[in-house]
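All remarks here apply to the structure that follows.
The values are calculated or read from the model by the stated rules, or taken from the named source; none is laboratory data. Computed from a predicted model, the values in this text were never measured in an experiment. All Cβ positions, glycine included, derive from the backbone under ideal geometry; neighbour counts span all protein chains shown. When the accessible area is computed, the model is the full protein with side chains, heavy atoms only, and any ligands, DNA or RNA have been set aside. Shrake-Rupley method; radii C 1.70, N 1.55, O 1.52, S 1.80 Å.
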Protein chains: 2
Amino acid sequence: VFCLCPVCGKRMEFSSSCQNIMECGLDNIRSLKVESGTWVGYEHSSFCGQQFILEKGNYPCWEAWSGSHAYHVERLTSFRPLCCADHKESKIAVCEKENFTGRQWEISDDYPSLPAMGWPSSEIGSMKVQSGAWVCYQYPGYRGHQYILECDRHGGNYKHYRDWGSHAQTFQVQSLRRV
Amino acid sequence: VFCLCPVCGKRMEFSSSCQNIMECGLDNIRSLKVESGTWVGYEHSSFCGQQFILEKGNYPCWEAWSGSHAYHVERLTSFRPLCCADHKESKIAVCEKENFTGRQWEISDDYPSLPAMGWPSSEIGSMKVQSGAWVCYQYPGYRGHQYILECDRHGGNYKHYRDWGSHAQTFQVQSLRRV
């Protein structure tokens with residue numbers, strides 16, 4: 001279950017994905033509460049634009065889910081539930097270059113700083129999700145643009161930053177964690 | 001080692017704490033790179049105001065370390081290195097009410113959503129750091145105000161949100177992790 005309280009004071013509860021909140025009579029979403037499960041919110045309709053991971057808890061304002069970005073769109077227009085695997089089984093391979101080339105690392109834990117663990121740069125060229133769902137972040141400490149990667153989307157293959165989401169404009173990824 | 005590149009183009013390297021960047025000839029910090037260790041940055045001089053955890057990596061803009069806040073101060077005036085324990089030994093007790101009263105949980109792992117793990121509210125009343133250093137966040141998913149808590153500060157006892165930092169104005173804590 002998923003509650004939304006837009007600025008007009010209207011409150012709606014959702015238990016499945018929503019492709020466009022405007023078709024549900026909501027103009028915008030200014031606060032929300034996740035009552036169960038893990039969800040992904042999107043800036044634009046049809047699951048496009050910036051991605052926001054939404055875990056159980058209270059989000060009283062737009063900043064609560066957006067993380068930090070250079071541009072503040074203040075839009076959350078579509079969202080969907082996320083299938084989360086057992087964290088013990090989550091696995092992702094990160095590659096230095098696009099198309100699964102260059103140096104490769106297999107990761108099965110949370111990494112608040114990839115450079116701190118020895119990854120040679122602040123970029124990742126491509127990623128292959130072998131199990132579970134992951135969220136990758138542009139900056140260390142789980143900050144900046146968020147990219148949600150799942151084993152059952154794209155066949156788990158994200159061979160270029162263009163595959164990470166329509167908002168991705170750079171290979172920069174410095175932290176990642178299981179969801 | 002710690003590099004700072006302010007807007008003027010000046011670049012300085014630090015390997016120990018700095019109480020006021022202005023005394024080092026820097027007007028403001030607009031980007032930085034952590035080359036080793038984990039640091040804490042502060043909005044104001046003398047380690048006051050908003051706290052920013054800084055792990056190894058590149059921070060090309062203020063948003064990269066700030067996380068999301070209702071007010072964007074764009075100030076980083078002091079910083080210090082952080083003593084990190086072995087994550088396997090990190091331990092913190094979180095209490096429902098201030099002064100270590102109410103229900104209590106012992107935590108030794110990262111929690112992107114305390115409510116998802118069964119914590120009954122979006123607030124924590126007090127915390128006791130038994131081992132290591134921790135960063136707590138206002139919102140789920142490691143977002144919003146950051147509070148750095150250490151076993152060797154305040155004797156590890158944080159009995160009210162006023163002890164978490166001079167910028168804390170609420171008991172709201174919905175995620176936390178080891179650093």
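Structure summary
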| read-out | value |
| --- | --- |
| Accessible area per residue, Å², the stretch B:117-156 with all protein chains present, probe 1.4 Å | 28 |
| Local electrostatic count at residue A:25 - Lys and Arg +1, Asp and Glu -1, tallied over other residues with Cβ under 14 Å | -1 |
| Prolate/oblate/rounded label for the stretch B:6-48 (Cα gyration tensor, a/c 1.5) | oblate |
| Positive-end residue of A:111, A:40, A:130, charge dipole of the stretch A:28-142 with Cβ unit charges | A:40 |
| Cα shape, the stretch A:83-147, gyration tensor, a/c 1.5 rule | oblate |
| Assigned charges on the beta-carbon of Lys, Arg, Asp, Glu; chain B dipole about Cα centre (debye) | 40 |
| Spatially proximal aspartates and glutamates relative to residue B:10 (Cα-Cα < 18 Å; intrachain offsets below 8 disregarded) | B:23, B:27, B:35, B:74 |
| The stretch A:31-147 - percent of accessible surface contributed by carbon and sulfur, probe 1.4 Å | 46 |
| Extended-chain gain in nm, criterion 0.36 nm per residue less alpha-carbon gap, residue B:36 and residue B:109 | 23.9 nm |
| Nitroxide proxy distance, nm - points 7 Å out along Cα→Cβ at residue B:44 and residue B:131 | 3.6 |
| Nonlocal Lys pairs with alpha-carbon distance under 26 Å, the stretch B:13-166 (8 or more apart, or different chains) | 10 |
| Assigned charges on the beta-carbon of Lys, Arg, Asp, Glu; the protein assembly as shown dipole about Cα centre (debye) | 60 |
| The stretch A:54-134 - charge dipole about Cα centre, Lys and Arg +1 at Cβ, Asp and Glu -1, debye rounded to 20 | 180 |
| Prolate/oblate/rounded label for the protein assembly as shown (Cα gyration tensor, a/c 1.5) | rounded |
| Area of residue A:154 that stays accessible when all protein chains are in place (1.4 Å probe, Å², to 10) | 110 |
| Whole-number percent relative contact order across the stretch B:44-174, with pairs defined as alpha carbons under 8 Å at least 6 apart | 26 |
| Size of the B/A contact, given as accessible area buried on both chains, probe 1.4 Å, in Å² | 2400 |
| 10 Å binning of all Cα-Cα separations within chain B, expressed as whole percents from 0 upward | 10, 39, 34, 15, 3, 0 |
| Heavy-atom accessible area order for B:62, B:105, largest first, 1.4 Å probe | B:105, B:62 |
